[in-house]
Amino acid sequence: MADLTKSVTAPALRPTVPGSHLLEVDDLSVEFRTDYGTVRAVNALSYHLDNGETLAILGESGSGKSVSAQAIMGIIDTPPGYITSGQIRYQGRDLLTMDKAEQRAMRGAEIAIVFQDALSALNPVFTVGAQIAEMFQVHRGTSKKEALAHAAELMDRVRIPSAKSRLKDYPHQFSGGMRQRVMMAMALALDPKVLIADEPTTALDVTVQAQIMELLLNLQAENGMGLILITHDLGVVGEVADRVAVMYAGRIVETGGIHEVFGSPAHPYTVGLMNSVPRVDQRGQRLSPIIGSPPNLADIPPGCSFHPRCPRAEVACREERPPLREIVLGRQAACHFAEEILDA
Amino acid sequence: MSSPPNVSSGQGQDGSLLRSSDAPDPTQSRLPVTTDDTSTGGDRQASLWSDAWRQLRRNPIFIVASMLLLVLAVMAAFPQLFTNTDPRSCDLANSRGGPGTNGAWFGYDLQGCDYYANVIYGARVSMTIGVFVVGSSLFIGVVLGALAGFYGGWFDSLMSRITDIFFGLPLILGAILLLNAFTGERGTFQVGLALIAFGWMTILRLLRSSVISVKAADYVQAARALGANDWRIITTHILPNAIAPVLVYATILIGGVIAAEATLSFLGIGLQLPAISWGLQINGARNFVRTSPYLLLIPSAFLSATVLCFIMLGDALRDALDPKLR
Amino acid sequence: MGRYIARRLLLTIPVLLGSTFLIFAMVYALPGDPIAALAGDRPLAPGVVAELKDRYNLNDPLLVQYGKYLGALLQGDLGTDFAGRSVSETVAERLPVTVKLALVAVGFEALIGLIAGVLAGIRKDSFFDNLVLVTTIAVVSVPVFVLGFVAQITLALRLNLFPISGIGEGLYSYLLPGFVLGSLSLAVVARLTRTSLVENLRNDYVRTARAKGLPPRTVLAKHALRNSLIPVVTFLGADLGALLSGAIVTEGIFNIPGLGRTVFQAVQSGEGAVVVGVVTLFIFFYIVFNLVIDIAYAALDPRIRYE
């Protein structure tokens, strides 16, 4: 198999025809200019999402996965953050070049986001009802009373018990899982076509995590939206995602169908991730964590940014950055030795 | 769903790293993820202070303020370096001679004393009182605040009530009442005492609350688990990490105390003539603001500049010590 | 909530007792002889002195004097001055003046301080932000009596824009002293607003508000400002309590017949009853305002719960 694919090299993971997918992130670069230097959080990132599809973006803290989500939402603070290149096309139109009002009309209505920590993401001094209702009032001009009625329906939809009576409660009066449901109700208020879930379950207890993920998937099935799931949790990814993009130092290092990538990873980083996770079916085996720590984004190593931590790094890895290239149909990896790893 | 495996290698037990999104907080991306959250207070305090010092050195406000304060300190300690004239050798013939009269830079006051020499000598009282009052308040506030915060209980409640009682009287009003109760001479020492009596409370409160918040930190619990005694925990683990906000406040307080001394002397209830103080000079200028405004403006400028320096120094310290504001 | 208020009121009692005793001790424990001071150069007949001392309980030990004073105070009797005038009467006459002055001061603080703070906060590190920073530091560094003096000379004496001293009908004559009185807190309000706004703008819920597609104005005015104002409003409330007694210097400079000047004159002339009465009133205001502020906190911030 490797022999067949060895010669196939695509310059980058770019959708062939712009607009052929629901959401296309194309060559996106984001940097933050700080007193400590320029932090390159996202570097020439490209991915796409279709209706009803779940794309998992997997990576360690500092790999740029959340920043790319914030770029899509248009909520990166400038300064210090700057989008230095690329397009973010929604239904074929570039969000970055739209005028401000149009961009704002998309936010929340067409593309919505669920943040990790609902306690800090919800405004502490407004009732949850008012915060959900605000979506209808701002985007649809609905009257307050009607908007609150919608809010109650939504809270019901995300399975918050006795929703109506809890409209007037404040965020701190909810449990962690219930708060995350409020976040989801808010995000789903206007039936967005794209939902970004930025580590939606990280701050929750394990049992609650499962409930929230299940709810998320049910809701996705109900209205057929595309879901971008940002996480560092391999277990979640394996269970729910259709495709996965593994990020390292602001770049995608490997992407493809979930079963293919997890079944036989083609990048040493993905291999390392898989090996650092305990598995029930391989008891007694030693875990082998990835050595070292994620790179300083203000000073990314030359060549392959993973080379200082890579067990099979060679001189070439230090000097030349491997492009993200197609190694098998529908699968890309950014490693000089992707085929060998795939074969191993 | 199986238990969630975590990808990154060294998440702290408290989940603090779990929480951090990958927003490019510069300090975050510089630190290795494997930082051990239970490292001793010593390490983190070293990095806090050395970070702060690095930040301060680059801050022009800090440099200007500390240079000026250095000059003022020298002026207070060795006024002879700045003037050869005795501030008390006066000639009534020169009364209210304006700046430039007989070559006197700042002119002469009502008694015909050289105003420049008087203003230079005025620095001594201000600096002495500022340092004396704040030093003593720091001692009282830090000792009692640390004990109240660390042990809590009845001592803490008692301290809270006592501070409440003293807080009811503002600095100036309390000092007026107390100074009025002193019979006999009212010198630097007496004015200082009156200002200490109503100036220590905020330091105690600040330290108490920061001790309480530091006390709960993991590294303090770790030190306790290792069997360190209370004294050691307070002095090596808690105080160095809790003192930063107090130092910022104390620096600014020096300015406040200097202004308060001048206010009291101005009101005629602080220092008495023939003491040399900017407040007294401003008081003396009261009746001549029309004809000799320089008598008011010159000591006012020195006084305000001194207060300003301490405030700027405190501000710079706060910026350096509070990473949140960076 | 009711229980919280009750508990707070209970805690207030030892504080009020402590503070009044503190004042009492400072005023009456002093070795000087107020009767002799009252008489001035002409010595009074021994019989008159004895009678006066008796009337003002000056022969009793301090604690007994204090007990008698408290007893009277509880019946609303603040005592009488040496001229035989009831202190309550003096207070009734002077208090409105000081309250007006303090309200004008707080008005300036709220209006100018808030606007400057908000504008500086939304444009962090801009020219205006730095201007506000420099101005507020400068204002804070100039002692109130110097500022009052300079304002009086320039704005009143030279430019004739305001009366030099005293009070007239209406609020106009209060503007200049009120501004001077409030100047320090005005600077504090501006910086507090700015810092608080900058901090809140960084909060996650502001990011959420933007992600919801709200217009920037709504994000700022509704989500960020609402939270930023909590500490500012509480500062303003507490300051109103503190300004009453802070008026000593300002009232002195502008010759305003309020409580501040009254208490200062009483200190100098040894009118113990007036000093204790007025200062007790100051402390009472201070404590009550702080209590009100604590309770108001609950209305402003639903996270605060009172047990």
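The values are calculated or read from the model by the stated rules, or taken from the named source; none is laboratory data. This is a predicted model, so every value here is computed, not measured. Here Cβ is always computed from backbone atoms with ideal geometry, including for glycine, and neighbour counts include all displayed protein chains. Ligands, DNA and RNA are excluded from the accessible area calculation, which covers all protein heavy atoms including side chains. Shrake-Rupley method; radii C 1.70, N 1.55, O 1.52, S 1.80 Å.
Evaluate segment A:289-304: report whether one residue or more is open to solvent by 90 Å² or more (accessible area, probe 1.4 Å) and touching a His at 6+ places or on another chain (Cβ under 7 Å). No, there is no match, as no residue in segment A:289-304 is open to solvent by 90 Å² or more (accessible area, probe 1.4 Å) and touching a His at 6+ places or on another chain (Cβ under 7 Å). Here C:Gly277 passes the criteria (1) modelled with pLDDT of 85 or more; (2) assigned to a helix (DSSP H, G or I) except the one numbered (1).
Counting only residues that are more than 14 Å from chain B (Cβ to nearest Cβ), surrounded by fewer than 18 Cβ atoms within 10 Å (Cβ to Cβ) and assigned to a loop (DSSP other than H, G, I, E, B), segment C:164-185 holds 5 of them.
Kindly indicate which of C:Val150, C:Val188, C:Val198, C:Val134 is within 14 Å of chain A (Cβ to nearest Cβ), assigned to a helix (DSSP H, G or I), open to solvent by 10 Å² or more (accessible area, probe 1.4 Å) and aliphatic (A, V, I, L, M).
Values: C:Val150 fails: within 14 Å of chain A (Cβ to nearest Cβ); C:Val188 fails: within 14 Å of chain A (Cβ to nearest Cβ); C:Val134 fails: within 14 Å of chain A (Cβ to nearest Cβ).
Among C:Val150, C:Val188, C:Val198, C:Val134, only C:Val198 is within 14 Å of chain A (Cβ to nearest Cβ), assigned to a helix (DSSP H, G or I), open to solvent by 10 Å² or more (accessible area, probe 1.4 Å) and aliphatic (A, V, I, L, M).
Just to confirm my filter: which helices (runs of 4 or more DSSP H) fall fully inside segment A:216-311 and include at least 2 residues that are within 30 Å of A:Tyr90 (Cα to Cα) and outside the structural domain of A:Val328 (by TED's automatic domain parsing)?
Values: elements: A:234-240, A:258-263, A:268-275.
In segment A:216-311, A:234-240, A:258-263 are the helices (runs of 4 or more DSSP H) which contain 2 or more residues that are within 30 Å of A:Tyr90 (Cα to Cα) and outside the structural domain of A:Val328 (by TED's automatic domain parsing).
If you go through segment B:158-208 and keep only what is at the interface with another protein chain (Cβ under 7 Å from one of its Cβ atoms), under 20 Å from C:Val276 (Cα atoms) and free of Cβ contacts under 8 Å to residues at least 60 places away in the same chain, you end up with B:Asp164, B:Ile165, B:Gly168, B:Leu169, B:Pro170, B:Leu173, B:Leu177, B:Leu178, B:Ala181, B:Thr183.
Could you list, in sequence order, all residues of segment C:201-219 that are in a helix (DSSP H, G or I) and farther than 19 Å from A:Gly81 by Cβ? So that I can check it myself, show each step before the final result.
So in segment C:201-219, the residues in a helix (DSSP H, G or I) come out as C:201, C:204-211, C:216-219.
Across segment C:201-219, the qualifying residues are C:Arg217, C:Thr218.
Looking across segment B:189-217 at every residue that is β-branched (Val, Ile, Thr) and open to solvent by less than 30 Å² (accessible area, probe 1.4 Å), the one that is farthest from B:Thr263 (Cα to Cα) is identified as B:Val214.
Scan the helices (runs of 4 or more DSSP H) fully inside segment B:236-312 and keep the ones with 2 or more residues being within 11 Å of another protein chain (Cβ to nearest Cβ) and open to solvent by 20 Å² or more (accessible area, probe 1.4 Å).
B:244-266
Could you say whether any residue in segment A:49-60 is within 12 Å of another protein chain (Cβ to nearest Cβ) and assigned to a helix (DSSP H, G or I)? No, segment A:49-60 has no match at all.
For segment C:279-293, which positions are among the polar types (S, T, N, Q) and either more than 14 Å from C:Leu73 (Cα to Cα) or touching a strand residue (DSSP E or B) at 6+ places or on another chain (Cβ under 6 Å) (or both)?
Filtering segment C:279-293 for residues among the polar types (S, T, N, Q) gives C:280, C:290.
The one that is among the polar types (S, T, N, Q) and either more than 14 Å from C:Leu73 (Cα to Cα) or touching a strand residue (DSSP E or B) at 6+ places or on another chain (Cβ under 6 Å) (or both): C:Asn290.
The single condition among (1) within 12 Å of chain B (Cβ to nearest Cβ); (2) touching a residue at least 60 places away in the same chain (Cβ under 8 Å); (3) under 13 Å from A:Leu28 (Cα atoms); (4) not in a helix (DSSP H, G or I) that A:Tyr82 does not satisfy is (2).
Checking each residue in segment A:88-109 for being away from chain C (no Cβ under 14 Å), over 21 Å from A:Ala197 (Cα atoms) and either within 18 Å of the chain's Cα centre (by Cα) or open to solvent by 60 Å² or more (accessible area, probe 1.4 Å) (or both) picks out A:Arg93, A:Thr97. What number of residues in segment A:149-168 are open to solvent by 40 Å² or more (accessible area, probe 1.4 Å) and of a type outside the set (Gly, Ala, Ser)? Final tally of qualifying residues: 9.
Here C:Leu103 meets the list (1) assigned to a loop (DSSP other than H, G, I, E, B); (2) touching a residue at least 12 places away in the same chain (Cβ under 8 Å); (3) farther than 25 Å from C:Gly18 by Cα almost entirely, failing just condition (1). Considering segment C:246-261, the residues that are open to solvent by 10 Å² or more (accessible area, probe 1.4 Å) and under 23 Å from C:Asp77 (Cα atoms) include one that is nearest to the other protein chains (Cβ to nearest Cβ), namely C:Arg261.
Yes/no matrix, rows are residues, columns are (1) within 28 Å of the chain's Cα centre (by Cα); (2) touching a residue at least 40 places away in the same chain (Cβ under 8 Å); (3) farther than 27 Å from C:Ala299 by Cα:
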| residue | (1), (2), (3) |
| --- | --- |
| A:Phe136 | yes, yes, no |
| A:Ala163 | no, no, no |
| A:Lys168 | no, yes, no |
| A:Gln173 | no, no, no |
| A:Gly177 | yes, no, no |
| A:Lys193 | yes, yes, yes |
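Of all residues in segment A:272-282, none are of a type in the set (Lys, Arg) and within 23 Å of A:Leu45 (Cβ to Cβ).
State which residue is farthest from C:Pro177 (Cα to Cα) when the search covers only segment C:262-283 and only residues that are within 9 Å of another protein chain (Cβ to nearest Cβ) and open to solvent by 10 Å² or more (accessible area, probe 1.4 Å). Before you say what the answer is, go through the steps one by one.
Quick first cut of segment C:262-283, residues within 9 Å of another protein chain (Cβ to nearest Cβ) only: C:263-264, C:267-268, C:270, C:275, C:279, C:282-283.
Those left that are additionally open to solvent by 10 Å² or more (accessible area, probe 1.4 Å): C:264, C:268, C:270.
Details: C:Phe264: 17, C:Gln268: 23, C:Gly270: 27 Å.
Only one residue fits best here, namely C:Gly270.
Any residue in segment A:191-201 that is hydroxyl-bearing (Ser, Thr, Tyr), assigned to a loop (DSSP other than H, G, I, E, B), buried (at least 23 other Cβ atoms within 10 Å of the Cβ) and in the same structural domain as A:Ile111 (by TED's automatic domain parsing)? Before you say what the answer is, go through the steps one by one.
First pass over segment A:191-201, keeping only residues hydroxyl-bearing (Ser, Thr, Tyr): A:201.
Still in the running and assigned to a loop (DSSP other than H, G, I, E, B): A:201.
From the residues that got through so far, the ones that are buried (at least 23 other Cβ atoms within 10 Å of the Cβ) too are A:201.
So of that shortlist, the ones also in the same structural domain as A:Ile111 (by TED's automatic domain parsing) come out as A:201.
Yes: one or more hits.
Highlighted here are the helices (runs of 4 or more DSSP H) found entirely within segment A:88-144 that include at least 1 residues which are out of contact with any helix residue (DSSP H, G or I) (no Cβ under 7 Å at 6 or more places or on another chain): A:100-106, A:128-140.
Among residues of segment C:214-240 that are more than 10 Å from every other protein chain (Cβ to nearest Cβ), those with a Cβ under 6 angstrom from a residue that is surrounded by 23 or more Cβ atoms within 10 Å (Cβ to Cβ) and polar (S, T, N, Q), sequence gap 6+ or separate chain, pair up as C:Val232/C:Thr193; C:Asp239/C:Ser185. Residues in segment C:85-129 that are open to solvent by 70 Å² or more (accessible area, probe 1.4 Å), closer than 22 Å to B:Ile311 by Cα and at pLDDT below 85: C:Lys124, C:Asp125.
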